[in-house]
Each structure stands twice: as structure tokens, then as C-alpha cells.
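The values are calculated or read from the model by the stated rules, or taken from the named source; none is laboratory data. No experiment lies behind these values; they were computed from the predicted model shown. Every residue, glycine among them, receives a Cβ derived from its backbone with ideal geometry; neighbour counts consider all protein chains shown. Accessible surface areas use protein heavy atoms only, side chains included; no ligands, DNA or RNA. Shrake-Rupley method; radii C 1.70, N 1.55, O 1.52, S 1.80 Å.
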Amino acid sequence: MRTIFCFFVILIFNCNGQATFGQSTKPSVDFLDQLKKFKADYLKGILDENPEIIQGYLADDFRLMPEFQKTIKNKQNSLLYFKLFADRFDTQSLSRSEIEVLDLGTRIVEIGTFSTKIKSKTQDKYYELKGKYVDLWEKKESKSSYSLSHGIMTILWISLNSYNLRRFRRQL
């Protein structure tokens with residue numbers, strides 16, 4: 001519930017506190033190129049169990065909000081989370097599919113879906129996870145440079161049936 005509330009507050013108000021209804025525009029070509037590179041690096045980092053690849057994209061005050069867990073604050077803790085996840089699970093496949101990208105002035109929001117197949121390294125069990133994500137990007141001073149932050153955030157929703165959900169939650 002908390003993540004849904006945060007998401008709507010951020011979408012409704014930009015940094016200046018002004019309502020943004022009807023004020024979103026398409027992001028620049030530069031940003032879309034950087035987003036494409038981030039997606040490729042993110043997939044490579046997760047599949048190769050090397051999350052340091054995405055370190056340059058994350059703001060120092062980055063927040064990762066995985067479902068079923070507390071918010072992970074700052075860049076270093078988020079990278080540690082990805083490393084610990086890689087220690088417990090072997091990611092067999094991962095895909096992200098963009099639904100919408102909105103430019104809200106000082107922030108850019110990407111909404112999409114993801115699908116992943118992971119294998120527990122300790123119990124030799126496989127899980128297929130499908131869900132939605134929201135990446136919130138912050139424009140830096142130069143207006144052509146962006147950082148994924150939540151001072152800004154990434155929110156993940158995982159859709160599982162109740163049986164797999166109980167089994168997966170025990171693994172986390």
C-alpha cells in the first residue's frame with residue numbers, strides 16, 4: 001500500500017509541488033538512448049551476477065523497493081542487495097518490457113513489466129516471476145544527463161499465485 005501511495009504522489013506532483021496532470025511530454029532522444037543502454041547493462045549485470053555494471057546509473061540516494069521487503073536505501077545498499085540476491089539465486093532469464101515513458105519536467109518515469117526465471121542455489125528449485133516495475137529518473141543539472149534515483153526509486157511488483165508466493169517468500 002505504501003508503494004502505491006508513493007507512486008501516485010510522485011506522479012501527481014513534480015519537484016516544485018505543482019500538479020502535473022496533462023503536462024507530461026515525450027522524453028528526449030538522448031534520454032531514450034541512455035534508457036536503452038541502461039536496460040542492456042541492467043540485464044547483463046543481473047544475468048552475469050555483476051551488479052556493479054549499473055552503479056554509474058544509480059544516484060547516491062537511490063531507493064530500491066522490492067516487494068515483500070523493506071525499502072533499500074542508497075546506492076551501496078542497493079548494490080549489496082543485488083549481490084546477495086545473486087548469491088542465493090541463479091537468474092536463468094530476465095526480460096523487461098516498457099509500457100510507457102513520461103517526462104514530468106525534472107523527473108522521467110518509466111513503467112513496464114518484467115519476467116524472470118530464477119533457480120535457488122541452495123534448494124535446487126525454480127521460480128518464474130512476472131510483475132511490473134516503475135523506474136523514476138531524475139534530470140541532473142546539465143539537462144542531458146540523467147540518474148536513476150528515488151531520492152528517486154525502482155518499485156517492483158511480483159505477481160505469483162499464492163502457493164508459489166509462500167515458497168518464494170521463504171527464500172528471501
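Miscellaneous remarks
- Label separation (residue 81 vs residue 120): 2.2 nm, computed from points 7 Å beyond Cα along the C-beta direction.
- Of the trypsin sites (Lys or Arg not before Pro) in the stretch 43-123, those whose Cβ has at most 15 other Cβ within 10 Å and which sit in DSSP loop: 70, 121
- In the context of the full protein assembly, residue 82 retains an accessible surface of approximately 30 Å², using a probe radius of 1.4 Å and ignoring ligands and nucleic acids.
- Full-extension gain in nm, residue 25 to residue 44, via 0.36 nm per residue minus C-alpha separation: 3.9 nm
- Amide proton proximity set for residue 121, modelled H, under 5 Å, gap of 5+: 89, 90
- Over 30 Å (Cα to Cα) - which of 37/125; 36/125; 44/132; 119/140 fall in this group: 37/125; 36/125; 119/140
- Taking θ as phi - 60° and the Karplus parameters 6.51, -1.76 and 1.60, the scalar couplings of the stretch 70-76 work out to 6, 4, 9, 9, 6, 4, 5 Hz in sequence order, x denoting glycine and proline.
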